[in-house]
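Data first, discussion second: the structure below is written as structure tokens.
The values are calculated or read from the model by the stated rules, or taken from the named source; none is laboratory data. Just so you know, these numbers come straight off a predicted model, no measurement behind them. Cβ sites come from the backbone with ideal geometry, for glycine too, and all protein chains shown count toward neighbours. Note: areas computed on protein heavy atoms with side chains; ligands, DNA, RNA excluded. Shrake-Rupley method; radii C 1.70, N 1.55, O 1.52, S 1.80 Å.
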Amino acid sequence: MIHSMWSLPGALVSLFFCLFPAVALADSGTVYDIHFLELYGNEAGHAYQINNLGQIVGMVSVDGVSHYVFWDLNDVIGDGETHSITESFHGDPYPYPSSAWDINDEGYVVGQFHHNSTTSSRPYRYDGVGRTWGDLGDAQGGAAFGINSQNHVVGVTYDEGIYITLWTGGTSGTRIGEVNHHGEFYFINDLDQICGTIDYCRPVKGSAGGLEILPVPPGYRDRGKALAINNDGTVVGWTEFSAAPVIWHATLWEAGYPPLVLETPLETMNSIAYDINSRGDVVGTLDNRAVLWTGFDRKLIDLSIVSRPFGWRIARANGINDHGWICGWAGYGKEANYRPCVLIPRVDEAPPEAELVEDQPAFGTESFQLQIRYTDEGILNESTLDGADIHVTGPNDYSEGAEFVHVEAVAFLAPNHWFWDVIYEIPAPDGVWDENDIGDYNVSLNGDQVCDMAAHCAEEGILGTFSFSGTSLGFTIMKGLICHPGGSADTWRFSMTVDAKFLVDNGITVGMAHVQVPGGNWYDLSIGPPGIWSYTHDSPLAGDLDIYGDGVYLLEMDLEGFLAQTEFLFGIPGTAAPLPQPSQVPAFIHPINSQTDVQTDVTFQWSPVTDGSVNAQQLLIMDETMGRVSDDILLENASVSTWGFSPLIHSHEYEATLYYHHGYFKQVHDYWSYSQAKYTAVSICFTTEDPNTATYIPGDLSGSGQLSAADAVILHHYLAGNIIHGAEPFTESLMAADVNADGVVTALDLVLMSNVLSENILQ
């Protein structure tokens with residue numbers, strides 16, 4: 001069986017999620033899904049070896065105490081469960097395993113165990129399916145390191161000396177040769193070929209008939225280790241580079257060829273090859289980051305970059321089976337604890353898809369930054385992003401290519417899909433966005449430009465349209481019924497909002513704002529956040545809203561002593577006809593009202609629209625715990641009945657309101673954009689799950705009891721790798737740093753935390 005030892009060299013630790021300096025790693029058409037293995041109630045662990053049936057052997061630990069585990073990812077020959085090797089040892093004087101090194105395709109594990117009554121160690125073979133074990137030793141002591149498909153085992157035995165030993169049946173082993181160091185490891189393939197190390201640090205290969213010392217590459221010291229052998233007899237390990245002190249380079253020995261140093265971008269980097277499968281794929285480490293050497297030319301791939309979810313540093317790739325499944329361990333940032341994991345390849349067979357994220361230029365600016373969201377089941381090749389991707393056309397013969405600016409964010413979108421938010425920039429017509437540029441602009445993707453790592457390229461086509469309304473002043477009028485399930489009284493609501501942030505940003509003070517409704521009454525609008533003026537009237541009776549009827553509304557604003565006026569029609573544009581009231585009441589399917597323990601990645605679902613007057617839907621999600629809007633989406637497609645992109649936070653109370661609109665949105669009137677709608681809506685409340693029995697405050701990393709600027713500083717240093725979780729000053733739950741509740745802690749959480757702090761200061 002292919003196998004590799006797990007002892008760590010004294011290598012440098014790479015910073016979290018940073019590419020190696022000045023190194024271009026190979027592209028890959030394969031993305032790996034990270035399958036974290038059960039910790040069996042412990043804090044950390046390592047996965048040492050994996051067989052071709054998805055069974056893994058490894059170790060978990062708590063407080064420095066090791067516990068050896070058999071993970072079964074299927075039930076082909078096993079039980080599909082995780083169980084303890086350590087707990088299977090029993091008897092008097094209570095033996096216990098001190099290692100578990102290898103596993104074959106029959107589910108047998110080999111390692112070393114001790115008796116409490118003696119310090120001597122002995123080799124064992126454990127049946128991972130039957131959950132029984134047996135002592136292989138007929139000597140004073142020993143250890144079993146490798147096992148092949150014939151259940152032949154290689155290891156060492158101790159008597160007067162230390163002997164390489166081969167067990168082909170029973171507990172009586174055949175001694176191959178004596179060695180002078182008890183710390184060496186030996187591995188075996190299905191042809192009973194053996195590799196390992198003798199004379200402290202010299203790689204060897206052979207069989208029961210004898211061993212030969214493997215040569216080192218030119219320019220390397222006569223030092224190295226052979227750590228794995230496949231059924232072709234190809235051996236991998238490392239040799240010591242002579243030009244620098246204690247630098248190891250991954251090395252491959254193939255019969256009939258000189259030793260090959262596997263790609264190591266810089267001579268000063270430590271690289272080690274730990275395992276090789278029947279296809280010749282090699283896994284190992286490069287400066288304490290897990291890597292794969294694959295293909296005919298054995299290209300180097302950083303597994304942390306091609307593994308999902310993002311943000312985890314795959315620290316060690318220790319084993320690889322013939323299906324390309326890789327086992328090892330991963331950490332988040334500089335976490336002291338590693339989690340055992342298996343990387344399962346998923347081949348990317350489809351091209352990227354693209355869509356325009358809605359936005360519009362700001363009045364008076366010289367350019368506009370477009371946001372395009374690319375989704376792919378694999379990995380987007382960011383090197384294909386450039387100024388030839390996007391083309392924009394619009395009024396007055398506007399036609400411009402968009403310049404690539406940067407990748408804004410990368411995150412999980414849906415099963416097997418990830419998204420890349422990419423920013424492009426176009427110039428304003430005639431140098432500045434003004435009233436001469438009002439209209440709709442089409443955004444198109446050019447074909448064969450944006451590709452993924454599997455060389456699939458996105459198809460050309462129109463991605464969407466953005467409108468320029470000539471100003472950033474916005475006016476919204478809404479009127480309708482909000483139903484509250486669970487016995488609460490329903491609410492008839494009229495509301496209007498004036499977005500005058502554009503004026504504030506340009507130093508213009510709004511002294512007051514009030515509106516005249518069609519019935520002749522005047523109402524003052526109240527100022528909320530800077531630049532936002534609003535008025536709301538709630539009532540349990542529909543008749544109380546008759547005074548806010550269809551017709552012309554007059555808005556007045558005092559702009560530093562100048563009284564500005566503008567009129568808006570609430571009704572069907574171009575006619576005197578009123579807007580109809582939607583009759584259908586929305587119904588949530590998931591989540592349901594008053595539900596608790598709702599998952600933070602919940603997909604909102606509701607009954608499809610049957611009312612023909614409904615031409616848009618709006619989903620408003622309020623975080624009642626933090627007192628802010630979590631998401632506010634206008635869906636100008638009445639057939640949509642699901643939405644899954646709302647980032648929720650653990651242990652928070654939420655109110656979700658779904659509106660069925662009949663209205664008109666983003667209409668242009670002079671220098672204003674305005675929206676108007678009548679609606680029926682339903683409002684529900686729910687609580688998200690608490691993943692831990694311990695309580696924590698989202699964003700509170702210092703334990704102060706509240707979110708503060710100090711917490712943002714802590715998160716910044718944690719993401720930069722300057723501090724670790726669990727040590728001062730980052731002493732609170734790691735989940736507290738996951739502000740957007742996407743399962744990982746990233747720079748997006750820092751941005752959200754900073755935004756919340758800014759909002760608190762402004763308020």
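A few points about this structure:
- A cut-off of 5 Å between modelled amide H atoms, ignoring neighbours fewer than 5 places along the same chain, links T251 with G237, W238, T239, L262, A273.
- Potential lengthening between V405 and E43 on full extension [0.36 nm per residue; Cα-Cα distance subtracted]: 126.1 nm
- Cα-based reach from K205 at 19 Å (exclusive), listing aspartates and glutamates while leaving out same-chain residues under 8 positions away: D102, E178, E184, D190, D192, D222, D232, E240, E254, D275
- The range 56-175 - Debye-derived log10 I(q)/I(0), Cα point model, q = 0.17 Å⁻¹: -0.81
- Theoretical ellipticity at 222 nm over the chain - DSSP helices of four or more residues, -39500 (n - 2.57) apiece, nearest 500: -1500 deg cm²/dmol
- Taking the charge dipole of the chain about its Cα centre, with +1 at Lys and Arg Cβ atoms and -1 at Asp and Glu Cβ atoms, the residue from A681, P218, H35 reaching farthest to the positive side is P218.
- Chymotrypsin sites (Phe, Trp or Tyr not before Pro) lying in DSSP loop within the range 36-94, provided at most 14 other Cβ fall within 10 Å: none
- Surface composition of the chain: carbon plus sulfur atoms hold 51% of the accessible area, using a 1.4 angstrom probe and ignoring ligands, DNA and RNA.
- Assuming charge only on the beta carbon of Lys and Arg (+1) and of Asp and Glu (-1), the dipole of the chain about its Cα centre is about 2100 debye to the nearest 20.
- Heavy-atom surface of the range 673-722, accessible at 1.4 Å and reported per residue (Å²): 39
- Coordinate range along principal axes, alpha carbons of the range 195-351, Å, largest first: 47, 33, 28
- C-alpha long axis of helix 747-762 to longest principal axis of the chain, angle in °: 40
- At most 15 other Cβ within 10 Å, DSSP loop - GluC sites (Glu not before Pro), the range 37-137: E38, E43, E81
- Coupling constants for the range 490-497 follow from the phi torsions by the Karplus curve (6.51 cos²θ - 1.76 cosθ + 1.60, θ = phi - 60°), and in residue order they are 6, 10, 8, 10, 10, 9, 9, 9 Hz; glycine and proline get x.
- Helix 709-719 and the longest principal axis of the C-alpha atoms of the chain enclose an angle of approximately 40°.
- Rounded to the nearest 20, the Cβ-based charge dipole of the range 432-553 about its Cα centre (Lys and Arg +1, Asp and Glu -1) stands at 520 debye.
- Among A576, P361, F296 - extreme Cα towards positive end, dipole of the chain, charges at beta-carbon: F296
- Relative contact order [Cα under 8 Å, 6+ residues apart], the chain, whole percent: 8
- Summary of the geometry: the range 539-558 and the range 215-265, compared by the centres of their Cα atoms, lie 81 Å apart.
- The loop-placed GluC sites (Glu not before Pro) in the range 554-660, going by DSSP, that have at most 16 neighbouring Cβ atoms within 10 Å of their Cβ come out as E560, E624, E636.
- Computed over protein heavy atoms with a 1.4 angstrom probe, the accessible surface ordering of F686, F665, largest first, is F665, F686.
- Residue ranking by accessible heavy-atom surface, 1.4 Å probe, largest first, among S683, S675, S704 comes out as S704, S675, S683.
- Scanning residues 5 or more positions from F113 or on other chains, those with amide H under 5 Å from its amide H are S98, R122, Y124, with H placed 1.01 Å from N in the peptide plane.
- Taking only alpha carbon atoms, the chain gives an Rg to Rh ratio of 1.08, where Rh is the Kirkwood radius.
- Local electrostatic count at L634 - Lys and Arg +1, Asp and Glu -1, tallied over other residues with Cβ under 12 Å: -3
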